[in-house]
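Worksheet: one structure, shown below.
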Amino acid sequence: MHFVDIFFILYSKLGKEFEFLIMEFNISDKVKLIVPLPYLKTSDNMPMLRPPDLVAIDEVGEIISIKSPETVEIKFRRGSFLIDINKIEKIEI
């Protein structure tokens, strides 16, 4: 199995100082939500908004692709959804 390491460096300028936040996610990482979401966005060719109760806060999903520096595609039991990286955390199984 091939793993792809992705490093994202997000920064915000605070006056003359910079604050760096490094996030590391790999394809096939197991993750879970850390905050309840108001809705879920499907990862279909034509995305739809779905109710948030399709994914429980403690349900474990798997990252199947990286869509942008802020968004990953996660496969859960009831479907695949696009979720921002600041709303998930990596877990060790």
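The values are calculated or read from the model by the stated rules, or taken from the named source; none is laboratory data. Since we're looking at a predicted model, the values are computed, not measured. Methodologically, a virtual Cβ is constructed for each residue, glycine included, from the backbone with ideal geometry; neighbour enumeration extends over all protein chains shown.
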**Asked** residue 62 passes all but one of (1) of a type in the set (D, E, K, R); (2) surrounded by fewer than 17 Cβ atoms within 10 Å (Cβ to Cβ); (3) in contact (Cβ under 8 Å) with a residue 40 or more places away in the chain; which number fails?
**Response** (3)
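For the stretch 65-93: of the residues being hydrophobic (A, V, I, L, M, F, W, C) and surrounded by fewer than 13 Cβ atoms within 10 Å (Cβ to Cβ), which is farthest from residue 41 (Cα to Cα)? It would help to see each step written out before you state the result.
The initial filter retains those residues of the stretch 65-93 that are hydrophobic (A, V, I, L, M, F, W, C), namely 66, 72, 74, 76, 81-83, 85, 88, 91, 93.
After this cut, where a residue has to be surrounded by fewer than 13 Cβ atoms within 10 Å (Cβ to Cβ) as well, the list is 91, 93.
Numbers: 91: 22, 93: 26 Å.
Ranking the candidates gives 93 first.
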**Filter pass, residue 19 being exposed (fewer than 15 other Cβ atoms within 10 Å of the Cβ), under 13 Å from the mean Cα position of the chain (by Cα) and modelled with pLDDT under 95** = no
